[in-house]
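**Q** Questions regarding the structure given below will be posed in turn.
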Amino acid sequence: PERPVRGEERQARHSIESLDALSVDIARMIDHDAAAELWDRYNRGERNVFTRRLYTLQGQQAFDEIRKRYRADREFKQTVDRYIAEFERLLEDVSRDDRGQVVVRTYLTSETGKVYTMLAHAAGRFD
């Protein structure tokens, strides 16, 4: 028999499922060409490049909702922080290779990279 799921586990699972559902939508809410251009500028050392221009109109609304939820919902914040940390660890690993920057750019402009971009932006990582 399955053991009962504790409240904390249920909450964490809900946050992860919520993030998974969001991620599909997030990837569609980011302008691909703008994302590629902004990451190139950011990686050249330019700061304050991530603005709402990156997002479609629907994406701007989602960004605002994610930022608000990130600040208000502890479980959601922890889930987002884990996602960001895992993605950054992946980028660090692939950047060690001699083709590293090409691979990093590919990851950053992929669907998961777009999710990372919006979550990290909403979490204040680029402020």
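The values are calculated or read from the model by the stated rules, or taken from the named source; none is laboratory data. Source: prediction; values computed, not measured. Here the Cβ positions follow ideal geometry from the backbone for every residue, glycine too, while neighbour counts run over all protein chains shown.
**Q** Note down all Cβ pairs under 9 Å where the first residue falls in the stretch 83-109 and is within 17 Å of residue 35 (Cβ to Cβ) and touching a residue at least 40 places away in the same chain (Cβ under 8 Å), the second is in a helix (DSSP H, G or I) and basic (Lys, Arg), and they're at least six residues apart or on different chains.
**A** 108/114
**Q** Quick one: how many residues across the stretch 78-125 are within 20 Å of residue 67 (Cβ to Cβ) and of a type in the set (Gly, Ala, Ser)?
**A** The qualifying residues number 6.
**Q** Still on this model: For the stretch 48-56, does any single residue satisfy the condition of being modelled with pLDDT of 85 or more and over 17 Å from residue 122 (Cβ atoms)?
**A** No, the stretch 48-56 contains no residue that is modelled with pLDDT of 85 or more and over 17 Å from residue 122 (Cβ atoms).
**Q** Tally time: how many residues in the stretch 39-48 are surrounded by fewer than 16 Cβ atoms within 10 Å (Cβ to Cβ) and either among the hydrophobic types (A, V, I, L, M, F, W, C) or assigned to a helix (DSSP H, G or I) (or both)?
**A** Quick first cut of the stretch 39-48, residues surrounded by fewer than 16 Cβ atoms within 10 Å (Cβ to Cβ) only: 40-41, 43-48.
Still in the running and either among the hydrophobic types (A, V, I, L, M, F, W, C) or assigned to a helix (DSSP H, G or I) (or both): 40-41, 43.
Summing the residues that are surrounded by fewer than 16 Cβ atoms within 10 Å (Cβ to Cβ) and either among the hydrophobic types (A, V, I, L, M, F, W, C) or assigned to a helix (DSSP H, G or I) (or both) in the stretch 39-48 gives 3.
**Q** If you check residue 105 against the conditions, is it part of a helix (DSSP H, G or I), more than 15 Å from residue 25 (Cβ to Cβ) and modelled with pLDDT of 90 or more?
**A** no
**Q** Based on what the data block shows, is residue 35 surrounded by fewer than 15 Cβ atoms within 10 Å (Cβ to Cβ), of a type in the set (Gly, Ala, Ser) and part of a helix (DSSP H, G or I)?
**A** Working: surrounded by fewer than 15 Cβ atoms within 10 Å (Cβ to Cβ): no; of a type in the set (Gly, Ala, Ser): yes; part of a helix (DSSP H, G or I): yes.
In short, no.
**Q** Further question: If we keep just the residues of the stretch 110-127 that are charged (D, E, K, R) and not in a loop (DSSP other than H, G, I, E, B), which is nearest to residue 34 (Cα to Cα)?
**A** The extreme case among them is 114.
**Q** Kindly establish whether residue 70 is modelled with pLDDT of 80 or more and under 14 Å from the mean Cα position of the chain (by Cα).
**A** Details: modelled with pLDDT of 80 or more: yes; under 14 Å from the mean Cα position of the chain (by Cα): yes.
Judged against the criteria, residue 70 is a match.
**Q** If I filter the stretch 49-92 down to residues being part of a helix (DSSP H, G or I) and touching a strand residue (DSSP E or B) at 6+ places or on another chain (Cβ under 9 Å), which single residue comes out as surrounded by the most Cβ atoms within 10 Å (Cβ to Cβ)?
**A** So in the stretch 49-92, the residues part of a helix (DSSP H, G or I) come out as 52-54, 57-72, 74-92.
From what's left, touching a strand residue (DSSP E or B) at 6+ places or on another chain (Cβ under 9 Å): 54, 59, 61-63.
Values: 54: 22, 59: 20, 61: 12, 62: 20, 63: 20.
Checking each candidate, the answer is 54.
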